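Scroll down for the structure; my scribbles are underneath it.
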C-alpha cells in the first residue's frame, strides 16, 4: 500500500490493487469518510480512519482546544489576507455595543 498526492485536493492511495480517493478535510469522522471515499470499501475506510488518527497524533491535535486551518486556494491569496480579514472582523465586533 502507498500514498500518492500530486497537489490536488483529494488524496489517492492504492490498496489491494484498487485506487481509492478521499477528501482529507472529511477523513476525521466516519460520516465524512463514507461521503468522500471513492469507491467506498470498509477496509479502505478503516485505512483512512487510521491515517486520520496518525495525522492527529503527529501534530498533537488531540492535545489542543482549537485548531485554525488556513487554505491557500491559489492565486495571490495568502495568510496575510486571512490576517487582514480577521483584524477587520475584530474591529467590526468592537464597534458593536452589547447593551
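The values are calculated or read from the model by the stated rules, or taken from the named source; none is laboratory data. Remember, predicted model here, so these are calculated numbers, not experimental data. Cβ coordinates were reconstructed from backbone atoms using ideal geometry, including for glycine residues, and neighbour counts include every protein chain displayed.
Overview of values
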| quantity | calculated |
| --- | --- |
| Qualifying residue in region 60-73 (condition: surrounded by fewer than 16 Cβ atoms within 10 Å (Cβ to Cβ), modelled with pLDDT of 90 or more and either more than 16 Å from residue 11 (Cβ to Cβ) or in contact with a strand residue (DSSP E or B) (Cβ under 6 Å, 6 or more places away or on another chain) (or both)) | no |
| Any hit, region 20-30, residues being surrounded by 13 or more Cβ atoms within 10 Å (Cβ to Cβ) and either at pLDDT below 80 or assigned to a helix (DSSP H, G or I) (or both) | yes |
| Flag if residue 43 is on the phi < 0 side of the Ramachandran plot, surrounded by 10 or more Cβ atoms within 10 Å (Cβ to Cβ) and modelled with pLDDT under 75 | no |
